[in-house]
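Inspection log for the structure reproduced underneath, given as structure tokens.
The values are calculated or read from the model by the stated rules, or taken from the named source; none is laboratory data. All of these numbers come straight from a predicted model, not from anything done at the bench. Note that we place each Cβ from the backbone using ideal geometry, even for glycine, and neighbour counts take in every protein chain shown. Surface areas here come from the heavy atoms of the whole protein model, side chains and all, with no ligands, DNA or RNA. Shrake-Rupley method; radii C 1.70, N 1.55, O 1.52, S 1.80 Å.
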Amino acid sequence: MFVTALLSDGSRRDVTGEARVTLSTPVARVLHGRLEAVRDGRGVVLVRFGGLLAQAPVVVAQAQEPRRVSFRYDVLPVISKAGCNQGSCHGNGEGRGGLKLSLKGEDPVGDYQVLATHGARRVSPQDPARSLLLTKATSALPHGGGMRFKPQSREYQVLAAWIAAGARDDAPGAPVLTAMEVGPTERIHFAPATMQRLTVTGRFSDGSVRDLTEQAVFSSSDPAIEVEADGLVRSERGGDSAVLVRYADQLRTARLTFVPQRQGFRWQEIPAVNGVDELHWKRLKTLRLNPSRPATDSEFLRRAYLDACGILPTPEEVRAFLKDPSADKRSKLVDALLQRPEFDEFWAMKWGDILRSEERTLDPKGIVAYRDWIKNSIASRKPMDQFARELLTANGGTYQNPPANYYRRTRLPVELAETTAQVFMGTRLLCAKCHNHPTERWKQEDYYSLAAFFARVERKGELTRKDKFDLHELIGEETISVAAAGEVKNPRSGKQVVPRIPDAPAIRVGDGADRREVFAGWLTAPDNPYFAKAMVNRVWYYLMGKGIIDPVDDIRESNPASNPELLARLTRDFVASKFDLKSLVRTIMVSQTYALSSEPNAQNGEDDRFFSRALPQRLSAEVLLDAISHVTGSPEKFDGFPEGTRATQLPAIRKRKSFLTVFGQPTRETVCECDRSNESTLGQSFELISGGTLDTKLKAPSNRIGQMIAAGKSDAAIITELYLAGMSREPSPRELQDRLQYLQGKPNRREVLEDLTWALINSKEFLLRR
């Protein structure tokens, strides 16, 4: 039971601990916020708080009839709540101390056999108190897991009663849990409110309803929000969490947000450009977070070029944009960037990462064909649903039909299920390979049913191994087709599984039909709950530095979106645009939300989740190398590619430059965005301070410095040009004066200009996208 007060400012507060609860007749008693039956009859619950009275009828029936203890719905929940069947304890794949239980009680039949029939000492109906199940859990005997509950506790009483009654399994036809409800499902609390009590209710097949709050297991997605064993949620520092509630085979979440005190908060209105801003401002206003100031033209210009095309604007482009007085010049810039070939190349690189396009497996010819197909798909504005279908249903030679490389890179049905789910559904399935997913509704059976859609992929071709010690390095074209037979077995049951979509109506795959086409049709349907949302979330991540759901490829109920309304709106718009990638990118980039400064204000200095300011990010490996080449005017040379090729244009990552490795270029061994690292390391500092890459570019005779000196440009003009090339702005008067003063009297003008360029490249302003 929880009691909510509606306050004069429209907010709600949990006052369960402050309210006075009584009953009109003593048919029940109030104990620790719960009603416990005393005798049959009717009454009224009276709740008083702040001079107000609320009433609710209560009916008690069969109060004196003892209820048989259920193994599935009483005993297993006690074991789960005590943590005994967690992966770190007896739910481990190998068990602990000779006792192995299923993870979080996913296999009640097996757990009953282990507890009640394997080993006479675990349960002793003749003398329940001597049962190891009780003596270990209460530390009456040495127990590696320590005390899990006390002898006088409710948990002890439940287990002792079950053992004394013969430690029986539930009888055939016994009531089963059909639904579980958690309340409240969503609530925003404003300081000084710091707590919320949750209640959990179960509905059973016999029509009965039970309070499951004491038996359910709670966990929070936000470390700043704590959940006590009885469902009391607390947060002193503020936070935003999906509280996961687990009982038996049911999972539910409650979305709770605690907004801390923000002294002197007053909402500052900013005009909304589109629906992105409308829903974003609404969310920030609710959270009492004022957004940062809008980015300057220079900041926006540099950011837009880096995000859209992975390049820096030229000094001429910077001058033209900064001088343009047009009110709509930012939206015009976005439109122009979307039409540039650099956009197609840069976003092809992003897709190359998550599709694991690397030369070792695809061979030099195949990887170029694959990259060109991805790039041309983006350039032609191929709808993303069509892009996905062409990959998932590809047949033919990997040279002649490049999307067939999807099946060359990933070969096993289970790996294809994992890859497809992570890339196109934003879902990590790996946890369901060996057991039911611990934080999601995916069951182990779901995992193998999804893999069954890819069980009949057949590969033919005369491939050779370039290196006999590397089984994955293949040379030659491979042909993908669909075989007439091929199935997947569930390793636990040993039975073949049929292709099935989790949480979807049964799908019949006709004889001779390509199962992949059935799956792809479901996946890319406009009403699919995964595909469009995953695509939108990934694009938001590329442009904003973090997903609305983060990590970007871990979409699940227990990992909440920072702005669910905004994600839903963008998803609907993406579907309405016929899955147009560039339309989605434009919608985000022309918004005021995208164009906020990274400079924090009085409220949002610690915000790294709700996008109240731009998130500074270190330039990625390829973009950084290209940016250094751009500023110095000394292009990088890549073996086997024409002069002037940028790092973001490379189709492969097989022969990587050490600079790119140091700065986190992904190996493309996994489909996770986390394979690309933008973390700062000591090795990166050494590379920029004294590494050969930068030194060689600075000293190249015909680089930007050399050309400007040869053209007879003044020191002020050279310094200004360097700032325009690297920072997308002119130096401030103070910066220009300081650098001119540094140049005065130095005998080697060229060397000093190299030093100034070195300092510019090593500055945070250059190294970060802000």
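Work through the residues other than residue 171 whose Cβ is under 13 Å from its Cβ and net out their charges, Lys, Arg +1 and Asp, Glu -1. Numbers along the way, then the final one.
Details: positive: 68, 72, 168; negative: 169, 170, 206.
Charge balance near residue 171 sits at 0.
Relative to the longest principal axis of the Cα atoms of the chain, the long axis of helix 531-544 makes an angle of roughly 50 degrees.
Please give the per residue accessible area of the range 645-691, computed with a probe of 1.4 Å over protein heavy atoms only, in Å². Walk me through the numbers before you get to the answer.
On the way: 2270 Å² over 47 residues.
On a per-residue basis, 48 Å².
Taking a spot 7 Å from the Cα of residue 191 along the direction of its beta carbon, which residues of the range 223-255 have an amide N less than 18 Å from it? Answer for the range 223-255: 223-226, 234-241. Heavy-atom accessible area for residue 246, with the other protein chains in place and a 1.4 Å probe, reaches approximately 40 Å². Note on the range 334-399 and the range 115-159: Cα centroid distance 59 Å, given to the nearest whole angstrom.
Ignoring ligands, DNA and RNA, what accessible area per residue does the range 113-175 give at 1.4 Å, in Å²? Show your work: numbers first, answer last.
Details: 3560 Å² over 63 residues.
Each residue of the range 113-175 exposes 57 Å² on average to a 1.4 Å probe.
Residues 493, 481 ordered from highest to lowest accessible area at a 1.4 Å probe: 493, 481.
Using the average count of surrounding beta-carbon atoms within 10 Å as a protection proxy, the listed peptides 703-712, 664-673 rank, highest first, as 664-673, 703-712.
Summing charges over neighbours of residue 345, with a neighbour being any other residue whose Cβ is under 13 Å away from its Cβ, gives 0 when K and R count +1 and D and E count -1.
The range 10-31 and the range 712-770 have their alpha-carbon centroids 70 Å apart. Annotation for residue 557 and residue 430: the two label points, set 7 Å from Cα along the Cα-Cβ direction, are 2.4 nm apart. Spin-label model, residue 328/residue 508: points 7 Å from Cα along the beta carbon direction are separated by 5.4 nm. Compared with the dominant principal axis of the Cα atoms in the chain, helix 275-286 is inclined by about 50°.
Ranking 688, 7 by solvent-accessible area of protein heavy atoms (1.4 Å probe, all protein chains present), from largest to smallest, gives 7, 688.
Just the accessible area per residue of the range 277-325, please: how many Å² with a 1.4 Å probe?
Working: 1750 Å² over 49 residues.
Heavy-atom SASA per residue in the range 277-325 reads 36 Å².
Which of the following values of Rg and Dmax of the Cα atoms in Å was calculated from the structure shown: [x] 32.5, 122; [y] 31.2, 96; [z] 31.3, 102? Here Rg and Dmax of the Cα atoms in Å agrees with entry [z].
Of 599, 155, the residue with the largest accessible area leads and the full order is 599, 155 (1.4 Å probe). Residue 252 contributes about 60 Å² of solvent-accessible surface, heavy atoms of the protein only, 1.4 Å probe. The alpha carbons of the range 623-770 occupy a box of 53, 31, 24 Å along the principal axes, longest dimension given first. Peptides 287-295, 714-722, 69-77, 736-744 ranked from most to least packed, by the mean per-residue count of other Cβ atoms within 10 Å: 69-77, 287-295, 714-722, 736-744.
Quick one: work out the % antiparallel among DSSP beta bridges in the chain, nearest 5.
95 percent
Between residue 742 and residue 236, the C-beta separation translates, for a Förster distance of 51 Å, into a calculated FRET efficiency of about 0.50. Once the Cα atoms are used to define both axes, helix 329-338 deviates from the longest principal axis of the chain by about 90 degrees. Given a 1.4 Å probe and the protein chains as shown, residue 399 ends up with an accessible area of around 50 Å². Atom-type composition of the exposed protein surface of the chain places 51 percent of the accessible area on carbon and sulfur (1.4 angstrom probe).
Can you give the net charge of the other residues whose Cβ lies under 15 Å from the Cβ of residue 65, counting K and R as +1 and D and E as -1? Present the calculation step by step, with values, prior to reporting the outcome.
Details: positive: 39, 67, 68, 210; negative: 36, 40, 206.
Result for the local shell: +1.
Look at where the Cα atoms of the range 78-99 and of the range 183-199 average out, and the two centres are 32 Å apart.
For every helix of n ≥ 4 consecutive DSSP H residues, a contribution of -39,500 (n - 2.57) applies; sum these over the chain, divide by its total residues, and give [θ] at 222 nm rounded to the nearest 500 deg cm²/dmol.
Details: 27 runs with 266 residues, N = 770.
The helix contribution divided over the chain gives -10000 deg cm²/dmol.
Model label sites at residue 763 and residue 696, defined 7 Å from Cα along the beta-carbon direction, differ in position by 2.7 nm.
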